[in-house]
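Chemist: Dumping the structure here so I can ask a few things about it.
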Amino acid sequence: MKKIIKLSWLIWLISNAAFALSTDRNQSLNIEADKAQLDNLKGFTIYSGNVIVNQGTLQLFADKVTLTYNAEKQVQTIIAESNGQMVRFKQLLDNKEEVRAQAKKMEYLAKDEILHLKQDAQVWKAKDTVSGQHIVYDSKRAQVTASEGRVKVIIEPSTAQKQSTQKTKAKKEQPVEEPIEEKPAADIKTTEENP
């Protein structure tokens, strides 16, 4: 049975765009690899061997990356795969927080602005985590969907919540000083003994 859990309330885990933020999408796409194969007639390029993709603050590390593009040379899909290692992705958000993700395969559909993370997928933002076998981020609809098998979500309390909890806990743990009860001095009786 396929389980699907809508996680639209976790939208903050990934940001406003899957593979490019407001400042990043205007930057050039830089790709390094051990090998590249270009096919202009079919409209794709395959990069293999220690592939590194950079675009502004975005960084993607994979064993193989396939780009498909249209006649106007606009990127249609980016498919990143691993051969044992995980595909890793990281990017700074507009608020300067970092989002990191990993999976055995990542697939970005540019036209639909949808990112698929497949097989042992995990996404982190600060100390918060969502993990599952298939995580889909739809930036147009502002939805995150995790499916296939168990889904695990860890949400750490905010700093303000932690400080409030610590203050409350500190107040409860303060030692209560009990007033010292003064007892009246015992009456001292003296007796005289006769020899």
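Chemist: For residue 111 and residue 85, what does the FRET efficiency come to when R0 = 25 Å and r is the distance between their Cβ atoms, rounded to the nearest 0.05? Numbers along the way, then the final one.
Modeler: Numbers: r = 29 Å, r/R0 = 1.15.
With R0 = 25 Å, the Cβ-Cβ based efficiency is 0.30.
Chemist: With 21 Å as the limit, write out which pairs from 64/96; 96/127; 90/118; 73/105; 42/73; 105/127 have Cα-Cα distances beyond it, or answer none. Kindly include the intermediate steps, with their values, before the conclusion.
Modeler: Working: 64/96 29 Å; 96/127 15 Å; 90/118 16 Å; 73/105 24 Å; 42/73 12 Å; 105/127 23 Å.
Correct reply: 64/96; 73/105; 105/127.
Chemist: Which whole-number percent is the relative contact order of the range 4-159 (Cα, under 8 Å, 6+ apart)? Numbers along the way, then the final one.
Modeler: Details: 394 pairs, mean separation 32.0, N = 156.
This gives 21 percent for the range 4-159.
Chemist: Sorting 150, 141 on the 10 Å Cβ count, fewest up front, what's the list? Write down the numbers at each step before the final one.
Modeler: On the way: 150 10, 141 13.
In order of increasing Cβ crowding within 10 Å: 150, 141.
Chemist: Moving to a separate point now. Which one of 82, 134, 149 has its Cα pushed farthest toward the positive end of the charge dipole of the range 4-159, where Lys and Arg give +1 and Asp and Glu give -1 at the Cβ?
Modeler: Value: 149.
Chemist: Once you put a point 7 Å from the Cα of residue 70 and another 7 Å from the Cα of residue 40, both along the Cβ direction, what distance in nm separates them?
Modeler: 2.0 nm
Chemist: Moving on. May I ask for the distance between the Cα centers of the range 95-111 and the range 26-49, given as a whole number of Å?
Modeler: With the range 95-111 and the range 26-49 each reduced to a Cα centre, they are spaced 19 Å.
Chemist: While we're here: Please order 138, 34 by the number of other Cβ within 10 Å, starting at the fewest.
Modeler: Details: 138 18, 34 10.
The order, fewest Cβ neighbours first, is 34, 138.
Chemist: I need the phi-derived Karplus couplings for the range 71-82: 6.51 cos²θ - 1.76 cosθ + 1.60, θ = phi - 60°, integer Hz, Gly and Pro marked x.
Modeler: 4, 8, 6, 8, 5, 9, 9, 10, 10, 10, 10, 10
Chemist: Something else now. If each residue's Cβ is checked for other Cβ atoms within 10 Å, how do 86, 106 rank with the fewest at the top?
Modeler: Ranked by crowding around the Cβ, least crowded first: 86, 106.
Chemist: On full extension of the chain, what length is gained from residue 98 through residue 119, given 0.36 nm per residue of separation minus the C-alpha to C-alpha distance?
Modeler: Numbers: separation 21, 0.36 × 21 = 7.56 nm, distance 2.21 nm.
Once the chain is fully extended between residue 98 and residue 119, it gains 5.3 nm.
Rule-based calculations on the coordinates, nothing more; no lab input. Small disclaimer: the values here were computed from a predicted structure and weren't measured. With ideal geometry, Cβ positions are generated from the backbone for all residues, glycine too; neighbour counts draw on all protein chains shown.
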